[in-house]
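The values are calculated or read from the model by the stated rules, or taken from the named source; none is laboratory data. Note that the structure is a prediction, hence the values are computed from the model and not measured. Every residue, glycine among them, receives a Cβ derived from its backbone with ideal geometry; neighbour counts consider all protein chains shown. Side chains included, ligands, DNA and RNA excluded: accessible areas come from the protein's heavy atoms. Shrake-Rupley method; radii C 1.70, N 1.55, O 1.52, S 1.80 Å.
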Amino acid sequence: MADQNTPPTAQLAHATLHDQVSSSQVSKAEFSDRVLIRSIVSRPDGGAGLAGQRLRIGGWVKTGRKADKDAFAFLELNDGSCPGNLQVIVEADKADLGQLVPTGTCVSVDGLLKLPPAGTKQKVELRVENVLHVGPVDPARYPLPKTRLTLEFLRDFVHLRPRTNTISAVARIRNALAFATHTFFQKHGFLYVHTPIITTSDCEGAGEMFQVTTLISEAEKLEKELIKNPPPSESDIEAAKLVVKEKGEIVSKLKSDKASKGEIGASVNVLKKAKENLLKLEERSKLKPGIPQKDGTIDYSQDFFARQAFLTVSGQLQVESFACALSSVYTFGPTFRAEHSHTSRHLAEFWMVEPEIAFADLNDDMNCAEAYVKFLCQWLLDNCLEDMKFMADKFDKSCIDRLRMVSSTPFERITYTKAVELLEEAVKKGKVFDNKVEWGIDLSSEHERYLTEVKFQKPVIVYNYPKGIKAFYMRLNDDSKTVAAMDVLVPRVGELIGGSQREERYDVIQSRIEEMGLPVEPYEWYLDLRRFGTVKHSGFGLGFERMLLFATGIDNIRDVIPFPRYPGRADL
């Protein structure tokens with residue numbers, strides 16, 4: 001362990017999210033007796049200033065090899081705290097080297113930090129004095145050898161893929177962006193609200209929702225029960241009725257004979273039990289296998305929530321109710337789309353960041369969205385640069401420059417009409433798009449990327465979209481053709497954020513619901529927000545995984561979420 005009496009020297013300029021160490025002293029990890037590898041190798045001096053200290057580390061072997069006729073072994077150890085590995089040297093008398101060197105082996109060791117021989121790439125290495133733990137690996141069965149593996153291959157091993165350099169880097173970047181999200185909104189006075197995962201409202205009106213029901217499992221359970229214990233026959237029920245009649249006659253006779261209260265009471269109890277048995281038999285005789293129906297349709301009154309329920313596609317509608325009482329709020333959680341898409345941009349389960357601001361118009365909304373995206377980019381540059389350098393080296397050489405550009409450049413703002421004009425001009429000059437360009441279309445990814453990557457070469461906010469391609473809750477503009485909607489478009493990804501000023505006028509939003517053919521009943525509570533104390537308010541949604549695609553340069557959205565769900569796959 002580090003000598004607690006060692007006098008402190010000059011403080012490091014570099015600080016991580018969690019700790020700051022002096023050049024001669026390294027702290028233990030919180031709630032553990034080990035030192036994080038990050039605390040050693042991520043220092044400006046690469047850990048050289050810690051030479052001479054004894055400490056404990058733990059991690060997983062990235063690569064291992066025996067040397068000097070099996071006299072000792074070199075291990076590259078990583079504990080997930082940073083991209084860098086710590087070189088560990090273990091002598092043969094300390095442990096079975098054959099168990100230590102396979103990739104994936106977990107070890108915990110005590111040792112002495114030493115300066116390596118001159119000319120080596122390591123700044124410091126650990127000479128092991130005691131091996132405390134070995135979690136062995138059978139190399140013949142371990143599916144993640146030290147050779148380079150494709151991200152597609154790794155999706156078959158989602159429980160092990162965090163051990164790879166890429167997925168562990170993505171996890172740290174994702175964590176940094178989540179922390180930055182809460183930091184940004186808390187700093188600006190927003191209240192974090194947990195919106196429901198299960199909902200009865202379709203925010204998007206597209207109908208691509210996962211249904212939540214117990215009817216199927218209850219039907220299967222009933223079918224098994226009826227096979228095991230068949231329902232009573234008509235003769236069984238008639239026999240039970242006869243018993244009730246007989247017991248009733250006995251009670252009547254005892255009463256007419258003026259029998260004792262005890263005798264009459266006992267007979268009444270027997271009669272009650274006979275009636276209860278008859279009632280149970282009659283109820284059981286009505287049980288039928290299959291999903292309950294009423295008037296030729298599924299009877300959802302028999303379902304768990306006594307009505308149809310779904311996994312949410314957005315927390316926006318619910319969080320609006322808090323914005324209309326607490327002013328500035330946000331929700332950050334999983335959302336779900338039952339869309340049979342196999343593209344590199346779609347998931348069935350993904351995360352959304354959705355702020356909502358009362359007393360705010362579309363311009364306020366755009367200002368908030370731009371400030372938030374810039375904050376996220378700068379946060380990664382300030383707090384996750386090592387992992388971003390890994391991404392630049394392995395996936396996208398321009399990713400760090402892109403973050404710097406976005407964090408420091410004012411976003412371009414153009415109307416949807418202007419965007420279509422620019423795209424039509426491009427077509428006239430010879431640009432070929434797969435999707436036709438005309439006013440009224442929903443801009444496709446190729447259109448969005450042309451605007452951000454070619455025309456303006458920076459983020460673009462497009463606003464005032466045609467009402468026909470946007471949701472019912474977006475505020476109708478004075479031209480009655482467009483709504484106060486906005487999308488933030490960024491290079492490489494296209495749409496990163498979608499938002500709008502919400503329609504606060506009761507009569508207008510009621511008309512929009514009817515116009516779009518949506519049932520009014522599920523939105524009565526939403527209309528109440530306009531009936532009682534209505535206020536102008538605005539908000540947006542940022543697709544969290546899209547932000548990760550934008551930041552890292554990784555191509556497929558399935559590789560930036562810990563446990564991807566998409567058609568045909570829901571592992572673990």
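Below 8 Å, C-alpha to C-alpha, sequence gap of six or more: please give me the relative contact order for the chain in percent.
Once normalised by length, the contact order is 12 percent.
Taking R0 as 25 Å, what's the FRET efficiency between GLU515 and ASP442 from their Cβ-Cβ distance, rounded to 0.05?
Result of the calculation: an efficiency of 0.90.
I need the calculated FRET efficiency for the pair GLU412 and ASP364, taking r as the beta carbon distance and R₀ as 22 Å, to the nearest 0.05.
0.75
Can you give the log10 of the normalised intensity I(q)/I(0) at q = 0.12 Å⁻¹, computed with Debye over equal Cα scatterers of the range 229-356?
Cα-only, vacuum Debye calculation for the range 229-356: -0.73.
At 1.4 Å probe size, put ILE291, ILE357 in order of accessible surface, largest to smallest.
Listed by decreasing accessible area, they come as ILE291, ILE357.
Based on the alpha-carbon gyration tensor of the range 107-186, what equivalent-ellipsoid semi-axes (square roots of 5 times the eigenvalues) come out, in whole Å, largest first?
30, 23, 15
Using the Cα gyration tensor of the range 332-399, with a ≥ b ≥ c the square roots of its eigenvalues, what is the shape: rounded (a/c below 1.5), prolate (a/b larger than b/c) or oblate (neither)?
oblate
Full-extension gain between LYS241 and GLU218, please, as 0.36 nm times their residue separation minus the C-alpha to C-alpha distance.
Full extension of this stretch gives 5.3 nm more.
Helix-derived [θ] at 222 nm for the chain: sum -39500 (n - 2.57) over DSSP H runs of at least 4, divide by residue count, nearest 500?
Value at 222 nm, helices only: -10500 deg cm²/dmol.
Using the alpha carbons of the chain, what is the convex hull volume per residue in cubic angstrom, as a whole number?
Enclosed volume per residue, from the Cα hull, is 284 Å³.
Counting only complete DSSP H runs, which helices of the chain cover 27 Å or more along their long axis at the Cα atoms and score a mean Kyte-Doolittle of 0.0 or above?
Once both thresholds are applied, what remains is 165-187.
I want the local charge near ARG565. Using Cβ-Cβ distances under 12 Å, sum +1 for each Lys or Arg and -1 for each Asp or Glu among the other residues.
So the environment of ARG565 carries a net charge of 0.
If you take the beta carbon distance between ARG127 and HIS182 as r and set R0 to 45 Å, what does 1/(1 + (r/R0)^6) give as a FRET efficiency, to the nearest 0.05?
0.60
About its Cα centre, what dipole magnitude does the chain give when the only charges are +1 on Lys and Arg Cβ and -1 on Asp and Glu Cβ, stated in debye to the nearest 20?
Roughly 1140 debye for the chain.
List, in the order given, every pair from LYS247/LYS288; LYS69/LYS94; LYS62/LYS394; LYS245/LYS273 whose Cα-Cα distance in the structure shown is over 22 Å.
Check vs 22 Å cut-off fails for LYS247/LYS288.
Give the accessible surface of the range 174-239 per residue, rounded to a whole number of Å², with probe radius 1.4 Å and ligands, DNA and RNA excluded.
61
Under a 1.4 angstrom probe, counting protein chains only, how are LEU311, LEU191 ranked by accessible area, largest first?
From most exposed to least exposed: LEU191, LEU311.
Which trypsin sites (Lys or Arg not before Pro) from the range 134-243 combine a DSSP loop assignment with at most 16 other Cβ atoms within 10 Å?
Qualifying residues, ordered by number: ARG141, LYS146, ARG148.
Using the Cα centre as the reference, give the magnitude of the dipole from point charges on the C-beta atoms of the range 233-311 (Lys, Arg: +1; Asp, Glu: -1; all else neutral), rounded to the nearest 20 debye.
Using Cβ point charges on Lys, Arg, Asp and Glu, the range 233-311 gives about 360 debye.
As I understand it, the dipole of the range 141-208 uses +1 on the Cβ of Lys and Arg and -1 on the Cβ of Asp and Glu, about the Cα centre. Which of PHE153, PHE190, ASN165 lies farthest toward its positive end?
With unit charges placed on the Cβ atoms, the residue in question is ASN165.
Do any chymotrypsin sites (Phe, Trp or Tyr not before Pro) in the range 17-122 lie in a loop, going by DSSP, with at most 16 other beta-carbon atoms within 10 Å of their beta carbon, and if so which?
Answer by residue number: PHE31.
Please quote Rg/Rh for the range 424-569 to two decimal places, taking the Kirkwood radius as Rh and restricting both calculations to Cα atoms.
Reported Rg/Rh, Kirkwood definition of Rh: 1.03.
Please state the charge dipole magnitude for the range 312-432, taken about the Cα centre, from unit charges on C-beta atoms (+1 on K and R, -1 on D and E), reported in debye and rounded to the nearest 20.
Approximately 560 debye in magnitude.
Separation between the THR200 and ASP401 pseudo-spin-labels, each 7 Å from Cα along Cα→Cβ, expressed in nm?
It works out to 5.5 nm between the two label points.
Mind checking the alpha-carbon convex hull of the range 73-124 and giving the volume per residue in Å³?
Given the Cα convex hull of the range 73-124, per-residue volume reads 102 Å³.
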